[in-house]
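Each reported figure results from applying straightforward, stated rules to the coordinates on display, with no laboratory input. Here the structure is a predicted model, which means the values were calculated and not measured. Here Cβ is always computed from backbone atoms with ideal geometry, including for glycine, and neighbour counts include all displayed protein chains.
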Amino acid sequence: MITLSSDFGSPYPAAMKGVILRASDARLVDVSHQFPRQDVEAAAFWLREILPYFPPAVHCVVVDPGVGTERAAIVIRAGEHALVGPDNGVLVPVARELAGDFEVFEVEYDDPGSVTFHGRDVFAPAAATVHEAGVDGFEREDGFVEADSFADLSFPEPVEREDGVTGEVLVVDDFGNAITNIPGEHLEGQFGSDVTVNGVWAPARRTYAAVGPDKRVVTVGSHGNVELAVNQGRGDKRFSVGPGARVRLRWT
C-alpha cells in the first residue's frame, strides 16, 4: 500500500499516481490533497493524527514550499512504515508517533523533469521503489543513502499558569474547530463549568451538543487536544482565532 498526501488539490495527484502505477502494483490510498497550501506544520499535525491508523505502508507526502531548492528528498523508516517526502520537517512528528527510533535516508536522484513538480518526478518514483523493495529492503543500490542530518519539527508546548494555561492554535479543521496545542488533560475538572478564552466566556463541555446551536464551547477533540468550537458553527470565527493565534484559558 502507498498512501498519498499533499496540498495539491486537483489534478496534480493523478500524475503522481500514474508514475507509481507504471513502476508498482501498489494499492493507492489518498489521505488528503487538501492540506493548507504550503503549511508544513499543519500537514505535520494531521499526518501525525491520521497515518498511525493505517496498517504498514509507504506514505508519500508532498507539502513542499521549498520545491526546486537544495532541500533534500528523504525517506524515513519508522517501524513497519516508510515515509517519503521533502526534508522540511513534515514527516518527523508522525515518524516519532509511529516509532520512537527511526532512520532517515536521503534520496539520490538525477535532475528531475521539472523543478516545480518533485511530487511527480522525485517523490512518486521513490515511493514506488521503496514499496517494491520493501520497508526493510531498500538500500543504497536503490538510490538511498543514510542522511547525516535532517530538518526537525516539533509543536510548541503550552505554558501552565496558576489560574489556567496558555497555548496556541495549531490548525483549524473544515468544521471551523480551532485545535490548540493544549493537552485535553488541562480541561479535566473544568467540564460543566465556564472558562474564559482570551477573556471571552465559554462553557467547558465534553460534547458539541451539550450547548445550544450556534453557542461557543471549549472541549477536547478526538486528537486529545483542547479545541475551541461552536455547535453547528465555526469556532475560529466566534473566538476570533486562526493558526498561530495565542490562546489563554483561565479557570473561573
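Spin-label model, residue 69/residue 198: points 7 Å from Cα along the beta carbon direction are separated by 2.9 nm. Comparing 175, 144, 123 in a Gaussian network model of the chain (Cα springs below 10 Å), the most mobile by mean-square fluctuation is 175.
Contact order, relative form, for the stretch 83-240: 16 percent (alpha carbon pairs under 8 Å, 6 or more residues apart, mean separation divided by residue count). Here the extension length gained between residue 114 and residue 252 equals 44.0 nm, from 0.36 nm per residue of separation less the Cα-Cα distance. Per residue of the chain, the DSSP helices (runs of n ≥ 4 H) give a summed -39500 (n - 2.57) that works out to -5000 deg cm²/dmol at 222 nm.
Any idea what the relative contact order of the stretch 2-146 is, in percent, if you count C-alpha pairs under 8 Å spaced at least 6 apart?
On the way: 269 pairs, mean separation 38.7, N = 145.
Computed value for the stretch 2-146: 27 percent relative contact order.
The GNM of the chain, with springs linking C-alpha atoms under 10 angstrom apart, assigns the highest mean-square fluctuation among 74, 50, 20 to 50.
Restricting to DSSP loop positions (anything but H, G, I, E, B) with no more than 11 other Cβ atoms inside 10 Å of their own Cβ, which GluC sites (Glu not before Pro) remain in the stretch 16-117? Don't jump to the answer; show the numbers that get you there.
On the way: sites: 41, 49, 70, 80, 97, 103, 106, 108; in loops: 70, 80, 108.
Here the GluC sites (Glu not before Pro) that fit, given the DSSP loop and packing criteria, are 70.
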